[in-house]
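The values are calculated or read from the model by the stated rules, or taken from the named source; none is laboratory data. All values reported here derive from a predicted model rather than from experimental measurement. Here Cβ is always computed from backbone atoms with ideal geometry, including for glycine, and neighbour counts include all displayed protein chains. Each accessible area value is taken on the protein alone, full model and side chains, heavy atoms only, with ligands, DNA and RNA left out. Shrake-Rupley method; radii C 1.70, N 1.55, O 1.52, S 1.80 Å.
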Amino acid sequence: MSHYRHHVFFCCNQRKPGERVCCNDAGASRVRDYAKKRIKALGLAAPGKTRINQAGCLERCEEGPCIVIYPEAVWYTYVDEDDVDEIIDRHIVGGEVVERLKLKDLAPG
């Protein structure tokens, strides 16, 4: 068994102005902080449960701000806290992939 049931990585990369688009330009750090507070309020922030982490660039910034949830390796994009609430409620709590926010798989299979 993994140390965490779900390990959620938020791309919070910040590039210099004028470079490629980056997730932090879309508020990724703010939304990550929101997700950490929400997971804690739900009593899910503990070993064996859920960990929210900041990541550097996950190389999918052009698809919108992104997160990846392991061990399922499901990639999502989001617009705001409402989308992250849906991911938490349906994926983390309910075990259901949120298809409308899921990024397309890059690898075959």
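Numbers at a glance
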| quantity | calculated |
| --- | --- |
| Test: residue 27 is at positive phi, open to solvent by less than 90 Å² (accessible area, probe 1.4 Å) and without any contact (Cβ under 8 Å) to a residue 12 or more places away in the chain | no |
| Yes/no for residue 97 being touching a helix residue (DSSP H, G or I) at 6+ places or on another chain (Cβ under 8 Å), open to solvent by 40 Å² or more (accessible area, probe 1.4 Å), not in a strand (DSSP E or B) and not basic (Lys, Arg) | yes |
| Residue under evaluation residue 42, criteria (1) among the aliphatic types (A, V, I, L, M); (2) modelled with pLDDT of 95 or more; (3) over 18 Å from residue 5 (Cα atoms), criterion not met | (3) |
| Selection within region 34-53 - assigned to a helix (DSSP H, G or I) and under 11 Å from the mean Cα position of the chain (by Cα) | 35, 36 |
| Residue match in region 49-57 (condition: at pLDDT 95 or above, farther than 22 Å from residue 22 by Cβ and in contact with a strand residue (DSSP E or B) (Cβ under 6 Å, 6 or more places away or on another chain)) | yes |
| Of all residues making up region 1-18, the number that are over 18 Å from residue 66 (Cα atoms), open to solvent by 50 Å² or more (accessible area, probe 1.4 Å) and not small (Gly, Ala, Ser) | 5 |
| Output for region 54-85, where each listed residue is in a helix (DSSP H, G or I) and open to solvent by less than 40 Å² (accessible area, probe 1.4 Å) | 61, 83, 84, 85 |
| Members of region 1-33 that are aliphatic (A, V, I, L, M) and within 12 Å of the chain's Cα centre (by Cα) | 8, 28, 31 |
| For residue 21: the one exception among (1) surrounded by fewer than 15 Cβ atoms within 10 Å (Cβ to Cβ); (2) β-branched (Val, Ile, Thr); (3) in contact (Cβ under 8 Å) with a residue 60 or more places away in the chain | (3) |
| For residue 71: the one exception among (1) of a type outside the set (Lys, Arg); (2) touching a residue at least 24 places away in the same chain (Cβ under 8 Å); (3) more than 21 Å from residue 2 (Cβ to Cβ) | (3) |
| Yes/no for residue 29 being over 22 Å from residue 105 (Cα atoms), in contact with a Phe, Trp or Tyr (Cβ under 9 Å, 6 or more places away or on another chain) and at pLDDT below 95 | no |
